[in-house]
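The values are calculated or read from the model by the stated rules, or taken from the named source; none is laboratory data. If you're wondering where the values come from, they're calculated on a predicted model, not measured in any experiment. Please note: Cβ atoms are built from the backbone with ideal geometry, for glycine as well, and neighbour counts cover all protein chains shown. Accessible surface areas use protein heavy atoms only, side chains included; no ligands, DNA or RNA. Shrake-Rupley method; radii C 1.70, N 1.55, O 1.52, S 1.80 Å.
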Amino acid sequence: MKALIVSATKEQPHVADVVLPPVGPGEVRVRIRAAGVCHSDLSMVNGTLAPSYPLILGHEAAGVVVEVGPEGPGGRVDVGDQVVLNWAPPCRECWHCTHGEPWLCAEGGRPSAPRGRLASGEATHVTLGLGALAEEVVVPSHAVIPVPADLPADVAALLGCAVLTATGAVNRTAAVHAGESVVVIGLGGVGLATLNAARAAGADPVIGVDLSEAKRDLALAAGASHFLVSDDGMPKAVRGLTGGRGADHAIECVGRSATIGAAWRATRRGGQVTVVGMGARDDLVSLGALDIFHSARTLRSSVYGSSDPDRDLPALAAAVGDGSLDLTPLITDRIPLEAAPDAFTRMSRGEGARSVVLFD
């Protein structure tokens, strides 16, 4: 089968033939129908993270179960079920899982895992245990979540990362309430989904911030009431839209010290800064000790939206199904697998929202 491979740090991804292992006990084989090109995949390519290579990219995807391992039908899923992949399935046994924090599971979230091989015989690794920019995957059965068969595959794919992360960051990590002000910094796929979630939570105003003026229309379509181009004057502009105080919530979706600092300065005294973007290990954030005390702000991260995917993802799928959650503004490109390398290039330039690879 074909998959999107990167052979080393900062090399261009390319399509190659790969061979998956047979389905073992407690595993399923899924034929991928749609897979998003996520910034976390770019982090595997550009050196922000340190996976093992050669690496099958992709972790945000939906597909159909085509084979169930020796434990057989009657378990979590059956052949023919449409499922969304979960890149951080909780073990349900570690300290975090048993203390209500499955998103911090001690067994999940590793950059890569060994699985499969190239047609040449060389062993491959898969991104976040999935490697979903591929025609098929073999994954543990607890890494898939059933969703309705009539849910469009391109939208279903986004539920597994961008939408679950963004919705959880707004509703669970930050706990945004109706009438509170929210500024979202960095309007890629996750940032636009965060605007969508903030608007659905009743936030007002909802301010989108990005380096590119070209993101204005996307921001407004996703739910922003205002759009600002990111520059040194952005925090002051946010205060001008929030009664001179600053936003109740700043949600940073870039993962850089500069934008985390800007989010801090754009937030009111006593407000909350939530970091969703995943940054580099050596990109240090500097805050003054007096500023920390005087501002009384809270700075925290949101890992996978502080969500339990088994609980929260089906609820999101139901919201899409009943029309209360519209995700169509988040997808700007629907492409074949062969066009995925160009999608990575566009994403590195900050262009568009989500590119989704369609396999059907």
Problem set entry | When residues of region 1-21 are limited to those that are outside any strand (DSSP E or B) and touching a residue at least 60 places away in the same chain (Cβ under 8 Å), the one most open to solvent (accessible area, probe 1.4 Å) | Gln12
Seminar exercise, completed: Counted residues in region 167-219 being buried (at least 22 other Cβ atoms within 10 Å of the Cβ), modelled with pLDDT of 95 or more, in a loop (DSSP other than H, G, I, E, B) and not hydrophobic (A, V, I, L, M, F, W, C) come to 2
For this session: Please work out which residue is surrounded by the fewest Cβ atoms within 10 Å (Cβ to Cβ), limiting yourself to region 22-40 and to residues that are in contact with a Gly (Cβ under 6 Å, 6 or more places away or on another chain) and within 30 Å of Leu187 (Cβ to Cβ).
Result: Arg33
Problem set entry | Number of positions in region 135-144 that are at pLDDT 95 or above and either farther than 15 Å from Gly160 by Cβ or in a loop (DSSP other than H, G, I, E, B) (or both) | 3
Seminar exercise, completed: (1) charged (D, E, K, R); (2) under 17 Å from the mean Cα position of the chain (by Cα); (3) modelled with pLDDT of 95 or more all hold for Arg354 apart from (3)
Problem set entry | Selection within region 119-144 - more than 19 Å from Pro70 (Cα to Cα), open to solvent by less than 30 Å² (accessible area, probe 1.4 Å) and of a type outside the set (Ser, Thr, Tyr) | Val126, Leu128, Gly129, Leu130, Gly131, Ala132, Leu133, Ala134
Exercise. From the list Gly36, Gly47, which one is of a type in the set (Gly, Ala, Ser) and touching a helix residue (DSSP H, G or I) at 6+ places or on another chain (Cβ under 8 Å)?
Worked result: Gly36
Exercise. What helices (runs of 4 or more DSSP H), lying completely within region 284-355, carry at least 2 residues that are under 27 Å from Asp248 (Cβ atoms)?
Worked result: 289-295, 309-321
Problem set entry | Answer from Ala157, Ala193, Ala166 - the residue that is under 13 Å from Leu327 (Cα atoms), touching an Asp or Glu at 6+ places or on another chain (Cβ under 6 Å) and touching a residue at least 24 places away in the same chain (Cβ under 8 Å) | Ala157
For this session: Please tell me if Thr345 is open to solvent by less than 20 Å² (accessible area, probe 1.4 Å) and either modelled with pLDDT under 95 or among the polar types (S, T, N, Q) (or both).
Result: no
Exercise. Which one of these does Thr328 not meet: (1) surrounded by fewer than 14 Cβ atoms within 10 Å (Cβ to Cβ); (2) modelled with pLDDT of 95 or more?
Worked result: (2)
Seminar exercise, completed: Checked region 145-166 for anything open to solvent by 30 Å² or more (accessible area, probe 1.4 Å) and either part of a strand (DSSP E or B) or of a type in the set (Asp, Glu) (or both); matches are Pro146, Asp150
Exercise. Using beta carbons and a limit of 7 Å, which pairs, at least six apart or on different chains, have the first residue in region 100-111 and of a type in the set (D, E, K, R) and the second one in a helix (DSSP H, G or I) and modelled with pLDDT under 95?
Worked result: none
Exercise. Within region 304-318, how many residues turn out to be open to solvent by 20 Å² or more (accessible area, probe 1.4 Å) and small (Gly, Ala, Ser)?
Worked result: 2
